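The values are calculated or read from the model by the stated rules, or taken from the named source; none is laboratory data. Note that the structure is predicted; figures quoted are calculated from it, not measured. All Cβ positions, glycine included, derive from the backbone under ideal geometry; neighbour counts span all protein chains shown.
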Amino acid sequence: MATPLEMWVEEAARLTKPDQVMYCDGSEAENQRIIAEMLRDADSNALNEKTYPNCYLHRSSPNDVARTEHLTFICAPDKDDVGPTNNWMDPDAAKYKIGALLDGAMRGRTMYVVPYIMGPVNSPISRAGVEVTDSPYVVANMRIMARMGKVALERIGNSRDFVPGLHSLGDLDPTRRYIAHFPEEKLIWSVGSGYGGNALLGKKCFALRIASVMAREQGWMAEHMLILGLEEPDGKVTYMGAAFPSACGKTNLAMMVSALQKQGYRVWTVGDDIAWMKIGDDGFLHAINPEAGFFGVAPGTGMATNQNVMEALHKNTIFTNAAMTTEREPWWEGIGGAPPAGLINWKNELWDSSKGPAAHPNARYTVPAHQSPSISPKWEAPEGVPISAFIFGGRRARVAPLVYEAFDWQHGVFVGATMASETTAAATGNVGIVRRDPMAMLPFCGYNMADYFQHWLEMGKRIPHPPKIFHVNWFRKDADGKFLWPGFGDNVRVLKWILERVEGRGGAQETPIGYVPARNALTLDGLTMRAHAVDELLRVDPEDWEQELVDSKEFFQKFGERLPREIRDEHEKLSGRLQSTARVTR
Ligand code: OXD
Ligand code: MN
């Protein structure tokens, strides 16, 4: 008798009509065959075997270089369940419309069946998925990003306990591109794109959009968060989850070489993008990283900004839309040094400065997580790691101070819900526009965000030892437009203050928006910063915050009556605190 998995694969094959169907076992021999298939495509190259063994460069279609949020849909029967921040399609209408594009889409191609596990193989928090795809590039990436093949097939066995995902490159025409999620069925359909965030279905589609729905139904959390451990001089490690919008430095923070390493503060990486969290028997929220690799933004990454990932990238890595040197090594802006002569840009042309950046601003690397020297010894712990702090953050030239702590969980949920950030190249559209991005989940929440805020509020009541909640902003600028804070390895100074607050130490000063570090509470030795820059970094300007309240109110109005009362209350409380501060200072 066919298993549920086989039956679903047959159904997908009946629709897409591939020439052949190949079940992937995840073995090295199979990987080499898949890579050979990928290289047959003119847009993929093997890199220098000496300096980058087993590394490849893939160039995508120039119209397919980032996530396409306007083509991403949540398909639930009731539009209100999807909410005002998601694109909605009726499930039957979506099946009809996208089904027509998938009909025969794999003719002349192989359908690869990729069973995978999101999370450590033996973790009770992990979940299985099966992606069928006609792209060998996707298979090779999935093998890095998830535990793929035989292990997953064994876990799934005869059960129906997996999230099915059907992916086809289609004809890569953006007018025939859809990334559709069916939360009721826990099903994903993606057609017309080979870009990671649209095509590696375990990542954004399953581990965030579908998992966020499962998490709400089942009482856990699926968040767009890195997970790091901060080690203190006595060897104790405290774990934190941090949510930042795409391309705001999550990977760099998670893999940071600490500026306070000599003083015994070291950062360990558990994950760089996604956290799945459940309440453990000890009353703490326990987090696993559902992924097995890092799909990170390459431009801006160099020895000075992320030494750990640079060391990790020299083997078994797939680069996407990077430039290539005459030595067949990958290159991008920010890797260090001037562009070498003879550079081939991401469009496979001989580069010169008139052609813009040599690497696409959203060029990526896909690298196995265990290759990072910073990988935590606990990164595959089946029980996950206990989380003591949540950190929200964004890219804000103004308004938000370097760091502040929420008064309590409910206020912290409000802080997360009012998060905003300047947009980046990780999604198509304008770059540098401030947009509201609650908990960095705006593009990734699989249901109505008002209900998502409610879920956060409920979780706070259920977690006996909830994480303390903080907000950071590494990107504040002075009047001349220069960054006030050095960022990168120096961000550990902020993590150290957060740790001290978690431990009940750490001086703080109360402001209307929360607690900021007291004067001298941040460890700044070894940093040459102008004295007033620190004051400027921690300044809370009531006028800026009044404006912020106007903007967030406008955003919240979209949710109408569905917005939780607690969020409205926090809004009013903040408004009251700002007004009384203004009265005192006037
Ligand atoms: C990512 C993203 O790729 O958030 O992680 O876009
Ligand atoms: Mn992300």
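Structure data summary
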quantity	calculated
Every residue from segment 196-250 that is charged (D, E, K, R), away from ligand 2 (no atom under 12 Å from the Cβ) and closer than 21 Å to Gly487 by Cα	Glu231, Glu232
Per-region count, segment 177-189, residues in contact with a helix residue (DSSP H, G or I) (Cβ under 6 Å, 6 or more places away or on another chain) and more than 14 Å from ligand 1 (Cβ to nearest atom)	9
Failed criterion for Tyr137 (all others in (1) crowded, with 24+ Cβ neighbours inside 10 Å; (2) away from ligand 1 (no atom under 16 Å from the Cβ) hold)	(2)
Top-ranked residue in segment 253-274 [being surrounded by fewer than 24 Cβ atoms within 10 Å (Cβ to Cβ) and of a type in the set (S, T, N, Q); ranked as farthest from ligand 2 (Cβ to nearest atom)]	Gln263
Candidates Ile98, Ile117, filtered to the one that is β-branched (Val, Ile, Thr) and either farther than 21 Å from Gly192 by Cα or surrounded by fewer than 21 Cβ atoms within 10 Å (Cβ to Cβ) (or both)	Ile117
Residue list for segment 381-395, filter: buried (at least 20 other Cβ atoms within 10 Å of the Cβ), within 25 Å of Gly280 (Cα to Cα) and not hydrophobic (A, V, I, L, M, F, W, C)	Gly384, Ser388
Single residue of segment 248-258 satisfying the filter (part of a loop (DSSP other than H, G, I, E, B) and closer than 13 Å to Trp474 by Cβ) that is nearest to ligand 1 (Cβ to nearest atom)	Cys248
Options Ala46, Ala105; residue that is closer than 30 Å to Glu327 by Cα and surrounded by 14 or more Cβ atoms within 10 Å (Cβ to Cβ)	Ala46
Output for segment 30-48, where each listed residue is in contact (Cβ under 8 Å) with a residue 40 or more places away in the chain and assigned to a helix (DSSP H, G or I)	Glu30, Asn31, Ile34, Ile35, Glu37, Met38
Search result, residues across segment 271-294 that are within 16 Å of ligand 1 (Cβ to nearest atom) and in contact with a Leu (Cβ under 7 Å, 6 or more places away or on another chain)	Gly271, Asp272, Asp273, Ile274
Test set (1) in contact with a strand residue (DSSP E or B) (Cβ under 6 Å, 6 or more places away or on another chain); (2) farther than 30 Å from Gly460 by Cα; (3) crowded, with 24+ Cβ neighbours inside 10 Å - Phe294 fails condition number	(2)
Some residue of segment 299-319 being within 16 Å of ligand 2 (Cβ to nearest atom), surrounded by 23 or more Cβ atoms within 10 Å (Cβ to Cβ), outside any loop (DSSP other than H, G, I, E, B) and not β-branched (Val, Ile, Thr)	no
Neighbours by Cβ (under 7 Å, 6+ apart or cross-chain): first from segment 231-253, closer than 22 Å to Ala298 by Cβ; second more than 9 Å from ligand 1 (Cβ to nearest atom) and among the polar types (S, T, N, Q)	Pro245/Ser421; Cys248/Ser421; Thr251/Asn306; Asn252/Thr305; Asn252/Asn306; Leu253/Asn491
Selection status of Ser123, farther than 19 Å from Phe295 by Cβ, polar (S, T, N, Q) and in contact with a Pro (Cβ under 7 Å, 6 or more places away or on another chain)	yes
Checking Thr72 against (1) within 16 Å of ligand 1 (Cβ to nearest atom); (2) touching an Asp or Glu at 6+ places or on another chain (Cβ under 9 Å), the condition it does not meet	(2)
Answer residue from segment 295-311, given it is of a type in the set (Val, Ile, Thr) and within 16 Å of ligand 1 (Cβ to nearest atom) and is nearest to Ala247 (Cα to Cα) among those	Val297
Pair list, Cβ < 6 Å and 6+ apart or interchain, from segment 187-208 residues that are over 17 Å from Arg364 (Cα atoms) to residues that are within 12 Å of ligand 1 (Cβ to nearest atom) and among the β-branched types (Val, Ile, Thr)	Ala207/Ile274
Count - residues of segment 460-487 that are modelled with pLDDT of 95 or more, of a type outside the set (A, V, I, L, M, F, W, C) and not in a loop (DSSP other than H, G, I, E, B)	6
Per-region count, segment 49-72, residues buried (at least 21 other Cβ atoms within 10 Å of the Cβ) and either free of Cβ contacts under 8 Å to residues at least 40 places away in the same chain or not polar (S, T, N, Q) (or both)	9
Residue that is modelled with the highest pLDDT, among those in segment 396-421 that are of a type outside the set (A, V, I, L, M, F, W, C) and surrounded by fewer than 18 Cβ atoms within 10 Å (Cβ to Cβ)	Asp408
In segment 396-429, the residues that are within 16 Å of ligand 2 (Cβ to nearest atom) and aliphatic (A, V, I, L, M)	Met419, Ala425, Ala426, Ala427
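Matching residues to (1) within 16 Å of ligand 1 (Cβ to nearest atom); (2) of a type in the set (Phe, Trp, Tyr); (3) in contact with a His (Cβ under 9 Å, 6 or more places away or on another chain):
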{"site": "Gly192", "(1), (2), (3)": "no, no, no"}
{"site": "Gly196", "(1), (2), (3)": "yes, no, no"}
{"site": "Ala207", "(1), (2), (3)": "yes, no, no"}
{"site": "Ala211", "(1), (2), (3)": "yes, no, no"}
{"site": "Ala215", "(1), (2), (3)": "no, no, yes"}
{"site": "Gln218", "(1), (2), (3)": "no, no, no"}
{"site": "Ala222", "(1), (2), (3)": "yes, no, no"}
{"site": "Leu226", "(1), (2), (3)": "yes, no, no"}
